[in-house]
1. Determine the gain in length on full extension of the stretch GLN491-ASP448; use 0.36 nm per residue of separation and subtract their C-alpha separation, reporting nm with one decimal.
2. Expected output is a single nm value to one decimal: the length gained when fully extending between VAL391 and GLU419, i.e. 0.36 nm times separation in residues minus the C-alpha distance. What is it?
3. Kindly report the accessible area of the chain per residue (heavy atoms of protein chains, probe 1.4 Å, no ligands, DNA or RNA), in Å².
4. Please list, in order along the range 130-136, the HN-Hα scalar couplings obtained from phi with the Karplus expression 6.51 cos²θ - 1.76 cosθ + 1.60 (θ = phi - 60°), rounded to whole Hz, x for Gly and Pro.
5. How far apart, in nm, are the 7 Å Cα→Cβ label points at LEU310 and GLU102?
6. Quick one: which residues, 5+ away or cross-chain, put their amide H under 5 Å from the amide H of PHE94? H built at 1.01 Å from N.
7. Tell me which residues come under 5 Å, amide H to amide H, from ASP131 once H is placed; ignore anything under 5 positions away on its chain.
8. Starting with the highest mean, order 89-100, 358-369 by the number of other Cβ atoms within 10 Å, averaged over the residues of each peptide.
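The values are calculated or read from the model by the stated rules, or taken from the named source; none is laboratory data. All values reported here derive from a predicted model rather than from experimental measurement. Every residue, glycine among them, receives a Cβ derived from its backbone with ideal geometry; neighbour counts consider all protein chains shown. For the accessible areas, the whole protein counts, side chains as well, though only heavy atoms, and no ligand, DNA or RNA atoms are used. Shrake-Rupley method; radii C 1.70, N 1.55, O 1.52, S 1.80 Å.
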Amino acid sequence: MTTTPSPTGAPTDARPAGHPLPSAATAVPPSSTATDSPAPGRTAAPAPAPPDPVVRNALTARYLASPAGTRAVWPDAPDQDRLAAVHDGLEDRFLTRPVFLEADEVTRLEHDLNGTMDLLFSLPDRLFGGDAHAFAAAVGLRPEQAALALRVPGQEPARIGRADLYHDGSGFRLLEFNLSSALGGLETPELNHLLLGDPTLAAFAEAERLDFPDTLGHLARLLTETAAASGRRAAAPRIAVMDWPAGYATTEPELRAVARLLARYGIEAVACHTDQVRETNGTITVDGLPVDLVHRFFTLGELTADAGSLRRAEELLDAFARCGVPVLSPLRTSPHGNKRALSMLWEDRCLATYDHAERELVERFLPWSHPLRPGTTRIRGEETDLIAHCVRNRRDLVLKPSHGLGGVGTVLGRGVTDEEWTDALSQAARGRYIVQELVRPQPEMCHDPATGEPAPWVVNWGAFLIGRAYAGAFLRALPADRADVISYGNQAYAGCVFQAAADV
């Protein structure tokens, strides 16, 4: 791959991170280089060594000193139903141990995610006088995309999303926030349950009073509340877990797994794609079954990929509105989950509106980022030419497209030459890109699945926020010496989190 930024196409608010099309971690860990292979005409510099692994909290230290921490954890006889759900949603490579959060870390993370979501949802009022179309244009949506996202009046963005995070040894840093219902990793608690089939882990979890959030339980409550608020059946709503036809060709196993698991909560869910939808006598049906709510897995980018898709999307949204069938999450949520929206939180005009708590959150939790464009801007209180600043600080910055997934178009400054970096900046400044402070994650010690020996691994945390509740985390991880882009496409391993109980 070259260091030339890729052109940005239609924005996607999110795609499932599970099998087989995950999103990649969007800040690159310290062991990485910016390219998969050396740029033509030069030899790639050796990758810098990652930071030494640290034991992140006392709970992890106790685990590593326990019998469970001396080897890879896995049950001798895995529950086959849970294993099938995990394979459908999370692939078949698993981190050899869970990762742990102390109770105070959970409280802080939930607070920070809620605060960031609140700020992102406030941007149209805070910076654009309440003009949602102006906000959509500012984050890079084309006019037809903004019109589609805002087509149905009276909708509010939904509080559902997954934050991609690294822990740098002192705390979590937010790489991006996928505000959407089109999220992978919802089945992760099934992996927690599977691992508890290992008696040594089960004994440790019992002794430490460990628990984990029920991600799909949180989702089920939100689905039920959304259906009830629109006047649909509240007791046992029928949900269409729906993707676009092209996406469904690959996401069908995961969507079927989600539908099966929702049955535990009294929800009849049907995995489907949009071509199965019909409007009959004022009712939305999927293969003849009336539905009360659509759990959206299709994305704004898919709906606006061409003129035919846009026409079909307009017809579909109008039919849902006529029949009173809500969509979770509404497409108007999409602009708020854009990387350019996240970078707006660091803009001077936004910083000037913050109270003390909001400013402290942004400065502690969000790596500095800024839309890439020619001209001057204020950086850390000083008026600075933005491109010149990026040139000077190449080794500490990452260049990313505002839209897109899988690390496509991302350039890590310290992995390229000065000339290549300057050229990448010049090209990206003509498109829709952001520049972000490089986050250096602190590796965690895990047993290598091949050798059984302890080794440093870099973990990307996908923390769910549903409503105002931290709803668990979906982990992707790779050995620190090859954790350039952490995605299933790069053979990442799935993992899960256990947390300490809060003191009563």
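1. Between GLN491 and ASP448, full extension yields an extra 14.1 nm.
2. 9.1 nm
3. 38
4. Karplus values, whole Hz, x for Gly and Pro: x, 8, 5, 5, 5, 4, 4.
5. 5.3
6. Correct list: ALA494.
7. none
8. Sorting 89-100, 358-369 by mean packing, highest first, produces 89-100, 358-369.
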